[in-house]
Structures are given as structure tokens and as C-alpha cells.
Amino acid sequence: MEENIRINKTTEDDGVIFMSVKDEKENDNNTDVVKSTDVTILAIESSCDETAVAIVRNGRTVLSNIISSQIALHTVYGGVVPEIASRKHIEKIDYCVKAALEEAALTFADIDAIAVTYGPGLVGALLVGVSEAKALSFALDKPLIGVHHIEGHICANYIENKDLEPPFVCLVASGGHSHLVVVKDYGEYDIIGQTRDDAAGEAFDKVARAIGLGYPGGPKIDKAAREGNPDAIEFPKTKIEDAEYDFSFSGLKSAVLNYINGLEMKGEQVNQADVAASFQKSVVDVLAEHALKAVKEYGYDKLAIAGGVASNTALRERLEKDCANNGISFYRPSPVLCTDNAAMIGAAAFYEYKKGVRSGLDLNAVPNLPLGERERRFHANK
Ligand code: KG4
Ligand code: ZN
């Protein structure tokens, strides 16, 4: 699957990386005549530090996928600076919309609906995408569909796995969330486990900073861990007695910090690769054990993963093996569809569109939007 994905990347004068993501296999097959029943959605995502616009047909065919990544701008500060993120989104968003249409060789006349992430995320960042989507919906008189960011991450799995249908279990692990979700049907979710403190991606970012790898932590730990010994240091794996599917990563993070402080007090060097590999093993063990247990106990035979941490090499390898050994079908998006993008928002929006969900022009950004609980006050039928 991944081998079909081609990413054209250019770095702009301001340090922002402009990417056009293409699935070459998809483009070969995409010479079909457009049917009157086809639904073509222009989707926008701006909840954190990626300004992303994609055009998705029928929820699973990505006609264009543009990602303008600010990651290099935030690296110098060791994390995302919300105000810088908002300002860059406002500069880039129109250009991304234009690029998405050009890449798909479409005009606004070919678009059936406008979709946008309206939460959770950074409020100032979300507002840019929401305002853009509302302006397009109003000016073009096309329906507007507000999408939950995590629902988008889950739906990224539909893009490359045309046969995947609910029900299945999905492990969502990103910078802000660690959720175990039963996807009962399109748009219907039961959260069976979640983090009590830090999200998995947050733990990767904090540990990376502590061992001097910098931001963004996840990919840097992933890379460093390949040179290290995962059994070098025994870090704790927190289990929560009364909620077997919940996660807790702050104890693990503190254990790594204590380990580093201990070495520094003795004047000893920290072996970055060993710490990275041992920390990563603890996270991967917990995520994989919980996910496998949930699939078995709930009686499903499909496991999907989603969110930035789902691009982690060790997690993917571990789950690939565990699922194969247990007769479970394993689904994971290509890494570029695990991290923030708008194709996943277009995929999620299609199933909402089919159900008749429409957002009103009073749609607002909701920084703490809970999964599965649509903010009905913003969803007047259009
Ligand atoms: O889903 P995402 O792009 O944004 C959020 O919605 O949060 O996830 C970003 C998070 C960051 O914490 C980043 O360090 C982590 O995903 N991440 C990874 C990897 N790539 C990104 N964590 C572990 N291994 C990776 N390869
Ligand atoms: Zn995300």
C-alpha cells in the first residue's frame, strides 16, 4: 500500500513545507466517468500546525491531497506555538484550496460539499479552516459539514482499504488523544478506553525533549530507537485496575525523567538510542496489549490504527505480527495519512453527508469537542 504513495515536497522561503500527496495506483484507476450519484467533497483541516486541503470522491478516492506543514517553524520553540500556527494558516489556506482544485483538475462547480475540522484542536488554528469553509459554503451555496478531527483520523483507514467497513476496533493515538474506540457503524463510536493523563504522542514529544532529540518527538524517537536496545532499561507499564482499557503515560514519562536525572547526578552519559528504544517499547507494549484484548473481548476480527503515533514503525510491526497470530485483520493508513491531513476529513464527511448531516453557517470552532457527540447547536439542516 505505502509503495503507491508519492509525496512531492518543496520548502518555501518561510520554511513551510508544501506537499502534494498522490496515490499512484488510485490515479491509474481514476479515469472513470463521473456518475450523477458521485459525491465530491472539498475538505479542510487546520486544527494544529498543518494547513491541509483535499478533494475526496465517495469517501474513499482521493483526487488531491495538499498539506502545508509548519513543523520546521515550530521546531525552534520545541513545540507548536498557537499564534504562529494561526497566522501561517491564514497565509496559506487560499493557496492550498487552489492547489487542491488544480491537482484534481476540477473547479468549484464540480464540488458537492465543503467539509472542515471544527474540533478538537487549537482554537485560533481551527477558526481559520472553519471561516474558510463557511465562506466557500456561503459564496458557492454548497452544503457545509463540520467534522470531528479524531473521526477524521479513524476514517483515514477507509482511503487505502476499500473493503474496510464497520464494525471494528480502532486504536487512536495522536498528540492530543489516546483512545480505544469501537467503530459500531459509520459515524457511531463507543469509546471503551482513553488516557487518564498524557496522550501517547505527548509522551513521545516530552521524552524526546528530555533526551535532547527535540521536536517533533515521535518521528525522532522512532528513528533513534532503531539504533538502540529496547530491553536496555525496564520502564514501567501502567495498568489501571478499574478500567482495563484506559491508558496512563505520565508515570512512564516521569520514570524516564528520573532515570535521566539519576545518570546526570552521577555524571554519566545518557544513551539516547537505548532510552528511546526502551521507552518506545513500553508505549508500544501497552497500546498493543490493550488493542488486542479489546478486539478479542468484544468479539471483532478487525483492528485499525489511527493518528500520528500510528505511523510509528515499532507499533505497526508489533500489531502486524500480533494480529496475524490471532486471526485478526489489521488495517493501518500510510504514514502520511496517519498524521494530520484533509483527505481523512473528506472521508469522514462523506458518511456524514450520506446521513444528511449538514452544518449551519453558525458553525464555530470547538477546541474540546468530544468524539461521538456532535455539537447539535451548530447543525441546522441546510
Ligand atoms: O495526529 P497528529 O498528526 O496530530 C494530532 O492530532 O495530535 O499526531 C501528532 C503526534 C505527535 O505527538 C508526534 O510526535 C506523534 O504524533 N508522531 C509519532 C510518530 N510520528 C508522529 N509518534 C511516534 N512515532 C512516530 N513515527
Ligand atoms: Zn491529528
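The values are calculated or read from the model by the stated rules, or taken from the named source; none is laboratory data. Note that the coordinates shown come from a computational prediction; the quantities given were computed from them, not determined experimentally. Positions of Cβ are backbone-derived with ideal geometry, glycine not excepted, and every protein chain shown enters the neighbour counts.
Among the conditions (1) free of Cβ contacts under 8 Å to residues at least 12 places away in the same chain; (2) more than 16 Å from ligand 1 (Cβ to nearest atom), the only one that V81 does not satisfy is (2). For region 180-234: of the residues being free of Cβ contacts under 8 Å to residues at least 24 places away in the same chain and within 16 Å of I154 (Cα to Cα), which is surrounded by the fewest Cβ atoms within 10 Å (Cβ to Cβ)? That would be D185.
Contact map, region 348-369: first residue closer than 14 Å to P143 by Cβ, second residue among the hydrophobic types (A, V, I, L, M, F, W, C) and part of a helix (DSSP H, G or I), Cβ cut-off under 7 Å, separation 6 or more or different chains; pairs are S359/F378; G360/F378; L361/F138; L363/V130; L363/F378.
Restricted to region 292-315, and to residues there that are assigned to a helix (DSSP H, G or I) and in contact with a Cys (Cβ under 9 Å, 6 or more places away or on another chain), the residue that is farthest from ligand 1 (Cβ to nearest atom) is V295.
Out of N258, N326, N271, N312, which single residue is within 16 Å of ligand 2 (Cβ to nearest atom), on the phi < 0 side of the Ramachandran plot and in the same structural domain as G175 (by TED's automatic domain parsing)? Let's see the steps before the verdict.
Details: N258 fails: within 16 Å of ligand 2 (Cβ to nearest atom); N326 fails: within 16 Å of ligand 2 (Cβ to nearest atom); N271 fails: within 16 Å of ligand 2 (Cβ to nearest atom).
Sole residue among the options that is within 16 Å of ligand 2 (Cβ to nearest atom), on the phi < 0 side of the Ramachandran plot and in the same structural domain as G175 (by TED's automatic domain parsing): N312.
Restricting region 51-103 to residues that are farther than 26 Å from G218 by Cβ and β-branched (V, I, T), the residue that is surrounded by the most Cβ atoms within 10 Å (Cβ to Cβ) is I55. When the test is whether a residue is outside any strand (DSSP E or B), within 16 Å of ligand 2 (Cβ to nearest atom) and buried (at least 18 other Cβ atoms within 10 Å of the Cβ), C155 passes it.
Taken as a whole, the condition of being more than 17 Å from V130 (Cβ to Cβ) and not in a loop (DSSP other than H, G, I, E, B) does not apply to I44. Note on region 71-95: residues that are closer than 11 Å to C48 by Cα and β-branched (V, I, T) total 4.
Does region 318-338 hold any residues that are within 14 Å of ligand 1 (Cβ to nearest atom) and within 20 Å of F247 (Cβ to Cβ), and which are they?
Of region 318-338, the ones within 14 Å of ligand 1 (Cβ to nearest atom) are 318-319, 332-338.
Hits for region 318-338 are R318, L319, R332, C338.
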